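Visitor: Right, I'll just put the structure down here and ask away after.
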Amino acid sequence: MRWRGLPLDVLLAASGVGLDLLTTAHAGGTEYLPAEMNIPMALLAGLPMGFVRRRPVPVTLYLAGLLVVTDQLVSFTANTAQMLVCVALGVAAYRSGWRAVTVAVAATIAATAVNLVDSGSALTTNGLVYSILLPVFPVLLGAYLRSSAGRLEERDVTPDALLAAGGVAITVLSTWTSWNQGSQPVWVVGLLAVVGGLSLGVARRLPGLVFLGQGVLLVVTDTYLKDAVTTCVILTLIAIGVFAMRVSSWAWTVVAYLTGCMLTAIAVVGPDTEITAIRVGTLMTLVATPVAIGRYLRMRGAAAAAERLRAEESARLALAQVRADQLAERERIAREVHDIVAHHVGAMVLRAGAARYAAPRGPVADALSDIRDTGHQVLEDLRGLLDVLRDPGARPGLLADPADVMRESAERMAAAGLLVDLRLDPDTGRAPLVARASAARIVQEGLTNVLKHAGPGTEVAVAVTARGKGLAVEIANGRPPAPVERLPSSGSGLAGMRERVRALGGTLTAGSREDGGWLLTATLPGAPGVPGPAASSSGGLSALFGCERTPRDPAGPGHDDAPVEDGGLVDDGGPVSEAGGDLAGGGSIGGAGGSAAGKGAA
């Protein structure tokens, strides 16, 4: 037993008992039952509703038998049993198989017929029709909910609002003069008219339920308010049309059509009406018209949806083709770059290696070894970049520890002739990996620029310090000791560093100094979306070269960017996500790297 649904079962049982107590509250005793039996009869009628979710068919058969018994005892509980047996029958149609439901329907029809027939009188045609329709409606509702119409995908409520407004206009304008002519109070008739019109507003979302409600309203109106029957017929036909438009099953559409014909016949055909083939054909054609319109609108909607799907699929295919073309172009570029660059660099490495054996010792041999090692590193980096070019989803990574990369860059530049002073703060090891990797690349590019534009013999001071959760990088070089021969430059060095710093939400400043040197500072925040503090001197380097701020004169040893006014290049990056975490084994970056000058002295 699933105890999770126990509160609902208790609520159903209590509701059944309460319903019977409300209907028999002012009823006295009958010939067979005294008034004291009203409460026990309410319990007998209502308590079985607690089992209707689990055993709907047995509960339906029980209530059908109770309906017959209470009708023979002339008990007012018969009215309650009649309502509850319809509820149980709807649940049975929703939860049980057709064979069991057929037995329950037959028992309910028989019990309803017994309840409608007065003692000593025969069953009339109207009584037979009501005995059949009353149980059939909840069965149809339960079966419909079991395989309901598809949900609306669009969120536009304009058609719903128009249907509701049109329904209210039809019911109110055509029936308000006859609201006081029936046996019911005026406010009851008016309320039913407004509710009947408003119900069309939800017909597209609950077509079966609205159609059932309009059918019940038509039957009630035919009994108590004859002047409003035509209006209710119109509402029922509209509900049938919406049902045919929203429900895809032809079987359910046929059921709705036959039900509509029966309801229209009840409302239109009177006791004195002569039934002819022409009138029957006219009535059936009248009901078939909204069904045809509904099915046509459904086919139009299906065709429009199919066209949208085709357009979306075509757009996806076009996008996929564009991406395939881009990948093919990337592959072609990668092959050309590999053929051109790798060929020449490989030749350079081979020649340097051969020359190295010809001059085994001395400064020339050291230079040739450096050229060979640098060429090998270039080929490795080129392979990684070409892999990214072939596969845009791949992300290049820094395999070595960032501190080792900075030390190796300083040693390589010192071997090339720069006088490098590298200072690494031990606390930088606590910064995120993405910040430390970016700092290493900035140091590499900065030292390369100094060698390229200031030449060998230039003093360079590099400091990487911890600043909060991020890093501060400062690269300062003095005046070139001799005139510098300009080397080929792409002009993209500083641009690449600016992009790297901007990606982390930091700032970069670059410009010439008063003594003819150059100063580059960068801040790399450690938290995503936090703008870096203003770039400033990191301590001893500015004092070492006699500057505490970037001068306004941009003239200097021509670093890789065009000069700008107001003291060099400053770039405030926007926030990005942090790729946090450290390299495996990447602890604190150890102490000052010492001074490296001349031909590789460290």
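The values are calculated or read from the model by the stated rules, or taken from the named source; none is laboratory data. As the structure is a prediction and not an experimental result, all values here were calculated from the model. Positions of Cβ are backbone-derived with ideal geometry, glycine not excepted, and every protein chain shown enters the neighbour counts. Please note that ligands, DNA and RNA were not included when accessible areas were found on the heavy atoms of the full protein model with its side chains. Shrake-Rupley method; radii C 1.70, N 1.55, O 1.52, S 1.80 Å.
Visitor: Once phi is turned into ³J(HN,Hα) by the Karplus curve 6.51 cos²θ - 1.76 cosθ + 1.60 with θ = phi - 60°, what whole-Hz value does each residue of region 76-81 show in order, with x for glycine and proline?
Guide: Computed from phi, the couplings for region 76-81 are 5, 5, 4, 5, 5, 4 Hz.
Visitor: Which value, in Å² rounded to 10, gives the accessible area of PHE137 with a 1.4 Å probe and all protein chains present?
Guide: 30
Visitor: Using 0.36 nm times the number of residues separating TRP98 and ILE333, minus their current alpha carbon distance, what extension gain do you get?
Guide: Additional length available on full extension: 77.8 nm.
Visitor: Ignoring everything but the protein chains, give the 1.4 Å probe accessible area of THR428 in square angstrom, nearest 10.
Guide: Rounded to the nearest 10, that gives 0 Å².
Visitor: Could the peptides 475-484, 63-72 be put in order, highest first, of the mean number of other beta-carbon atoms found within 10 Å of their residues?
Guide: Packing order, densest peptide first, comes out as 63-72, 475-484.
Visitor: ASP366 to ALA304: FRET efficiency via 1/(1 + (r/R0)^6), r the Cβ-Cβ distance, R0 60 Å, to the nearest 0.05?
Guide: 0.20
Visitor: Short version: ³J(HN,Hα) in whole Hz for each residue of region 237-250, in order, from phi by Karplus 6.51 cos²θ - 1.76 cosθ + 1.60 (θ = phi - 60°), x for Gly and Pro, what are they?
Guide: So the Karplus estimates, Gly and Pro as x, are 5, 4, 4, 5, x, 5, 4, 5, 6, 9, 9, 7, 6, 5 Hz.
Visitor: Here's something else I'd like to know. How do LYS452, LYS469 stack up against each other in accessible area, from largest to smallest, with a 1.4 angstrom probe?
Guide: LYS469, LYS452
Visitor: Give the long-range amide H neighbours of ARG467: residues separated by 5 or more places, or on another chain, with amide H under 5 Å away, using H modelled in the peptide plane at 1.01 Å from N.
Guide: ALA472
Visitor: Between region 168-216 and region 279-298, what's the alpha-carbon centroid distance in Å?
Guide: Answer, in whole Å: 22.
Visitor: Rounded, prolate or oblate for region 158-266? Axes are the square roots of the Cα gyration tensor eigenvalues, ordered a ≥ b ≥ c, and the cut-off for rounded is a/c under 1.5.
Guide: Since a/c reaches 1.5 but b/c is at least a/b, the shape of region 158-266 is classed as oblate.
Visitor: Protein chains only, probe 1.4 Å: how do THR523, THR374 rank by accessible area, largest first?
Guide: Greatest to least solvent exposure: THR374, THR523.
Visitor: Starting from the Cα gyration tensor of region 250-390, take the square roots of the eigenvalues, sort them a ≥ b ≥ c, and report rounded, prolate or oblate (rounded when a/c is under 1.5, otherwise prolate if a/b is larger than b/c, else oblate).
Guide: Judged from the Cα gyration tensor, region 250-390 comes out prolate (a/c at least 1.5, a/b above b/c).
Visitor: Amide H to amide H under 5 Å from VAL420: which residues, 5+ apart in sequence or cross-chain, H placed 1.01 Å off N in plane?
Guide: HN-HN under 5 Å from VAL420: VAL460, ALA596, ALA597.
Visitor: Let me ask another. Which cross-chain or sequence-distant (5 or more) residues have an amide H under 5 Å from the amide H of THR507, H modelled 1.01 Å from N in plane?
Guide: Excluding prolines and chain starts, which carry no amide H, the hits are THR523, GLY532, GLY573.
Visitor: Right, another one. Could you please put TYR257, TYR357 in sequence from largest to smallest accessible area, using a 1.4 Å probe?
Guide: Descending order: TYR357, TYR257.
Visitor: Kindly identify region 209-331 as rounded, prolate or oblate by the Cα gyration tensor criterion: order the square roots of the eigenvalues as a ≥ b ≥ c, call it rounded if a/c is under 1.5, otherwise compare a/b with b/c, prolate if a/b is larger, else oblate.
Guide: Working: a/c = 5.57, a/b = 3.63, b/c = 1.53.
Prolate.
Visitor: For region 410-417, just list the computed ³J(HN,Hα) in residue order, Karplus coefficients 6.51, -1.76 and 1.60, θ = phi - 60°, integers in Hz, with x standing in for Gly and Pro.
Guide: Ordered by residue, 3J(HN,Hα) equals 4, 5, 5, 5, 5, 5, 7, x Hz.
Visitor: Determine how large the accessible area of GLU445 is when every protein chain is in place; take a 1.4 Å probe and give Å² rounded to the nearest 10.
Guide: GLU445 exposes around 60 Å² with every protein chain in place.
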